[in-house]
Amino acid sequence: MLLRVDRRNAGPAIARLRAMGTLERGRLIRRSKEWVEIPLLAPPPPGLGQIVEGETAPVGRQVPPYERAVSSARIPAGLRRLLPDKWERLGRVLLLRLPGRLEGHKVEIARAYAGALGVQTVIRDLSGSRGVLREPTTELLLGERTETVHKENYVRYCFDAASIMFSSGNMAERIRMGKAVRPGETVVDMFAGIGYFSLQMAVHGRPKAVFACELNPVSFRYLVQNISLNKVGRIVIPLEGDCREVAPEGVADRVVMGHFDSLDFLPKALRVLRPEGGVLHVHCLSRKDRIPQEAWDRVRRGMEEGGRRGELVHCERVKSFKPRVWHIVLDVGVK
C-alpha cells in the first residue's frame, strides 16, 4: 500500500505518518518531480493523499518491482518505456493496462510482471468498468483462475477479477464509510456490489442493520458469499434487484449511493430515509473547477422537489477520474 502526495507536502506527511506508526520503515520512499509515494503499514488519515496500488523496494535493495519487470520483459528495448508503472494487485491477481503498441508482447509482459510481483494470474484491463452493472472489459493474459480474495482493512472480498470491478483507488472512501456509521443505525446501500461499503460498515461500525441492494446477479452472488466470509450475516441483509424496487422505504438513518449515476436515484433515496431525516452519501463526477457547487446544486434541487431540506456537511474528493474531472462524495444532512 502506497500513499501518493504532492512533493511539496511530502515532508509534513512523512513526519505525521512516522509519528502515527503507519510508515513502513523497511521500504524505500519513491520520489518523482511532482509526487512522492510513501509505503504504509496501515491506512492513512483521510485527506492526506491518494492511495495507490504497488510497493517500493526494501531498504538496501534498489530494485523495485517495476524495474524488475522492465528488466526481465523480453521485448524490444525501444518499447520498454511503454511498460506500465501502475497496476491493481487484488489478492493473487494482477490487473494491467497496456497501450496498443504492446499488443504483440502482452503475454511476455504478463510473465515479467507476475514474476516481479509474485502473482499467479495477470488480467489486462481494457476499458475500466462500464454500464449500470459496472462490468469491466478484460482479457486473461496469464494463469487460469481469476477468482481471488482481496484483504483490505480487515475485510475480505471474494470476487472474480475478470468480471467484477474493484478499484484500489477507492480504498480510503471504503474505510471512511466504516468509520462514518453510528451504533444502532439502519443503513441502506443502494449499489452494494460485492459489499464494498456494506462490509466495511458492518465489520467496523455497530449498525443495527445494513440493507445491501445489488442488481448485477454475479456481484450479488459474491455479496452473499462475502457476508458469510466476514461473519456479518446478522447485520447485512442482501437484496437482489433494482434498488428502486427492492430498497425498503422510511427506514434508513444513512443511505450510501456509490454509483456515478446516483443523482438520478435521489427521489428513491429520499423515500428510503426515515421521515425525520438522515444522511446521504452521494457519489458523482464533477468538473474540478466546480467542486462542490455543481453537484450540490443538483442535490439541493432534488431535495426541494422531494419536499425535503438539507445541508452539505462535507465534500470528499475520492480521486481524479480523468483530466479536470473528479470522483467526489457529498455527505448531505437531510431534514
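Between 0 and 90 degrees, the angle of helix 10-20 with respect to the longest Cα principal axis of the chain falls at about 70 degrees.
Counting DSSP beta bridges with both partners in the chain, what percentage is antiparallel, nearest 5? Mind showing how you got there, number by number?
On the way: 47 of 68 bridges.
That works out to approximately 70 percent antiparallel.
Would the chain count as rounded, prolate or oblate if I go by the C-alpha gyration tensor, calling it rounded below 1.5 in a/c and otherwise prolate when a/b exceeds b/c, oblate otherwise?
Details: a/c = 1.86, a/b = 1.58, b/c = 1.18.
Since a/c reaches 1.5 and a/b is larger than b/c, the shape of the chain is classed as prolate.
Between the residues Trp87, Ala77, Ala114, the greatest Cα displacement towards the positive end of the dipole of the range 63-145, with unit charges on the Cβ of Lys, Arg, Asp and Glu, is found for Ala77.
Classify the range 161-242 from the C-alpha gyration tensor, please: rounded if a/c falls under 1.5, else prolate or oblate depending on whether a/b exceeds b/c. Oblate, because a/c is 1.5 or more while a/b does not exceed b/c. Here the range 1-60 is assigned +1 on the Cβ of each Lys and Arg and -1 on the Cβ of each Asp and Glu. Its dipole about the Cα centre then comes out at about 260 debye.
Please state the shape class of the range 1-133: rounded when a/c is under 1.5, otherwise prolate if a/b exceeds b/c and oblate if not, all from the C-alpha gyration tensor. Could you put the intermediate results ahead of the total?
On the way: a/c = 2.02, a/b = 1.57, b/c = 1.28.
Prolate, because a/c is 1.5 or more and a/b exceeds b/c.
Residues considered: Gly250, Gly143, Gly11. Largest GNM mean-square fluctuation over the chain, using C-alpha springs under 10 Å, is found at Gly11.
Partners of Lys268 within straight-line reach, counting lysines whose Cα lies under 16 Å from its Cα and excluding those fewer than 8 residues away in the same chain: Lys335. Given +1 at the Cβ of Lys and Arg, -1 at the Cβ of Asp and Glu and no other charges, the dipole of the chain around its Cα centre is 1180 debye to the nearest 20. Unpaired cysteine residues in the chain (no second Cys Cβ under 4.7 Å): Cys158, Cys284, Cys315. Which angle between 0 and 90 degrees, to the nearest 10, do you get for helix 106-117 versus the longest principal axis of the chain when only C-alpha atoms count? With rounding to tens, the tilt is 80 degrees. Which angle between 0 and 90 degrees, to the nearest 10, do you get for helix 293-305 versus the longest principal axis of the chain when only C-alpha atoms count? On a 0 to 90 degree scale, this one is about 30.
Which order results if Ser198, Ser163 are arranged by neighbouring Cβ count within 10 Å, fewest first? Could you put the intermediate results ahead of the total?
Working: Ser198 34, Ser163 17.
Least to most surrounded, the residues fall as Ser163, Ser198.
None of the figures in this text is laboratory data; all of them are computed from the coordinates on show. Since we're looking at a predicted model, the values are computed, not measured. Using ideal geometry, Cβ is built from the backbone for each residue, glycine included, and neighbour counts are taken over all protein chains shown.
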